[in-house]
Amino acid sequence: MTKNIVDLINYKIRELQKNLLLLKQVSFEVNKENLKEDMLRYWGIERGLQISVECVIDIANIIISTTELDKPDSYRETILTLHKIGVIPEKFAKDIVGMASFRNILVHDYLKVDEEIIIDVLRNKLEDFVKYIKYIQTWLDKNYK
């Protein structure tokens, strides 16, 4: 069972890293004026961001499933629970908890997505995913090596 958890988390990390590479590449090319010029690229950016956030949430749920805690009721609580069980620092949890709301907007309220938010995430928030991966890898090393 332990190997399956580690393998699953590592699979999700690789998927997240692959998405981040693609999103970083496009982050240098887009701005508010050209973001929606190519709708296929724009949808690809939105989908890449959505999948990246879902990887964060999936990894968190996998880790939480290794504890005695019940599955959190919301994606927001899922991220905050990672702090409660010592996987990520409190400040970082508070910094990234907005990912859950952002994911919900991308999925359910896609007509309300503000281009400036997409640009901000591409330019300033992708590093949060990298930090998240480092915290998860540290947790894996501490608990499964």
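The values are calculated or read from the model by the stated rules, or taken from the named source; none is laboratory data. It should be emphasised that the depicted structure is a prediction, and the values quoted were computed from it without experimental measurement. Note that each Cβ is placed from the backbone with ideal geometry, even for glycine, and that neighbours are counted across all protein chains shown.
When the stretch 102-122 is limited to residues that are in a helix (DSSP H, G or I), loosely packed, with under 14 Cβ neighbours inside 10 Å and not aliphatic (A, V, I, L, M), the one that is modelled with the lowest pLDDT turns out to be Y110. Only a single item in (1) free of Cβ contacts under 8 Å to residues at least 60 places away in the same chain; (2) in contact with a Gly (Cβ under 6 Å, 6 or more places away or on another chain); (3) of a type outside the set (D, E) is not met by L23, and it is number (1).
Within the stretch 22-37, the only residue that satisfies the criterion of being farther than 13 Å from I118 by Cβ and of a type in the set (K, R) is K24.
Here are some residues: V6, V87, V30, V56. Which one is modelled with pLDDT of 90 or more, farther than 20 Å from K145 by Cβ, over 14 Å from the mean Cα position of the chain (by Cα) and of a type in the set (V, I, T)?
On inspection, the qualifying residue turns out to be V30.
Within the option set L69, L35, L20, being within 23 Å of N104 (Cβ to Cβ), aliphatic (A, V, I, L, M) and surrounded by fewer than 16 Cβ atoms within 10 Å (Cβ to Cβ) holds for one residue only, L69. Among residues of the stretch 81-100 that are without any contact (Cβ under 8 Å) to a residue 12 or more places away in the chain, those with a Cβ under 6 angstrom from a residue that is surrounded by 15 or more Cβ atoms within 10 Å (Cβ to Cβ), sequence gap 6+ or separate chain, pair up as H83/A93; E90/H83. Applying the condition of being outside any helix (DSSP H, G or I) and not small (G, A, S) to the stretch 61-76 and asking which residue is farthest from V6 (Cα to Cα) yields D73.
Do we have I79 as assigned to a helix (DSSP H, G or I), closer than 18 Å to K12 by Cβ and either touching a strand residue (DSSP E or B) at 6+ places or on another chain (Cβ under 9 Å) or not acidic (D, E) (or both) here? The answer is yes for I79.
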